[in-house]
Amino acid sequence: MKDLVILVADKNMEYTVRGLLGRPQALEIQPVEWDLFVHPRRDPGCLNEAHDFLRPFSHDYRFAMVLFDHHGSGQERRPAAELVARVQLNLARNGWADQARVVVLGPELEAWVWSDSPSVDGCLGWAGHRPPLREWLSANGHWPDGATKPPDPKGAMEAALRHTRKPRSSAIYLDLASRVGLRGCTDPAFRCFVHTLQEWFPRRPDAAGNEI
């Protein structure tokens, strides 16, 4: 039996999760044996059909996780917590009991990009540019003073990439997830993702008593 099966809504999310799970020490978890799938119907598919998709895997994995964007789910007017509860209940009724967790990203994946890590500038092609990226975003109306992140995180990311003429691709998300410091991201969905992994796969001591 493998440790974890993950269902996500698109390729960008896939590459983000791959990058993060490739850093068990940064996540403060033990190494995990996992498989990842992208739902062909994206966010609405994860919302409405995750239980059907993951039912056949319930005897092959210890845990399951579902990630999708609130924006694009087709249920934007309903609170994200309500969508989490709905999908989680369906999973529990279809073989997963309490061994599944649902993470709804609000409003979308790009909210995870905007941490305080200096690596963000480099991943978005901003290395060597002046002013620093956050200052440029503020001056151009993408990041209001006092806000912890841009109100439109996807729009801010796309504006930065246009300015540096860096093509948008899933590889950027892999680069961000592989390099950016994780402690600086305070997004609630991201913290839920990390805390769930830490709960399921806590570090364990080696023969010398050191955590691995």
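The values are calculated or read from the model by the stated rules, or taken from the named source; none is laboratory data. Just so it is clear, the structure is predicted and the values come from calculations on it, not from any experiment. Because the Cβ atoms are built from the backbone with ideal geometry, glycine has one as well, and the counts that use them run over all protein chains shown.
For the stretch 126-165, the candidate set comprises residues that are within 24 Å of the chain's Cα centre (by Cα) and charged (D, E, K, R); within that set, the residue that is surrounded by the fewest Cβ atoms within 10 Å (Cβ to Cβ) is R162. Quick check on my filter: what residues within the stretch 1-60 are crowded, with 17+ Cβ neighbours inside 10 Å and basic (K, R)? Within the stretch 1-60, R18, R42 meet the criteria. For the residues L4, L83, L20, L47, the requirement of being in a helix (DSSP H, G or I), closer than 15 Å to F201 by Cα, within 18 Å of the chain's Cα centre (by Cα) and modelled with pLDDT of 95 or more singles out L20. Check whether at least one residue in the stretch 97-109 is over 25 Å from A171 (Cα atoms) and crowded, with 18+ Cβ neighbours inside 10 Å, and report yes or no. Yes - at least one qualifying residue is present in the stretch 97-109.
Screening R78 with (1) in the same structural domain as L161 (by TED's automatic domain parsing); (2) in a loop (DSSP other than H, G, I, E, B); (3) charged (D, E, K, R) gives one miss only, at (1). Checking each residue in the stretch 61-85 for being among the hydrophobic types (A, V, I, L, M, F, W, C) and surrounded by 17 or more Cβ atoms within 10 Å (Cβ to Cβ) picks out F63, A64, M65, V66, L67, F68, A80, L83, V84.
When you look at R203, is it under 24 Å from L27 (Cα atoms), at pLDDT 90 or above, of a type outside the set (A, V, I, L, M, F, W, C) and surrounded by 18 or more Cβ atoms within 10 Å (Cβ to Cβ), yes or no?
Against the criterion (under 24 Å from L27 (Cα atoms), at pLDDT 90 or above, of a type outside the set (A, V, I, L, M, F, W, C) and surrounded by 18 or more Cβ atoms within 10 Å (Cβ to Cβ)), R203 does not qualify.
Is at least one residue of the stretch 107-130 among the acidic types (D, E), part of a helix (DSSP H, G or I) and touching a residue at least 12 places away in the same chain (Cβ under 8 Å)? Yes, the stretch 107-130 contains a residue that is among the acidic types (D, E), part of a helix (DSSP H, G or I) and touching a residue at least 12 places away in the same chain (Cβ under 8 Å). The residues in the stretch 77-106 that are without any contact (Cβ under 8 Å) to a residue 24 or more places away in the chain and not polar (S, T, N, Q) can be counted, and the count is 11.
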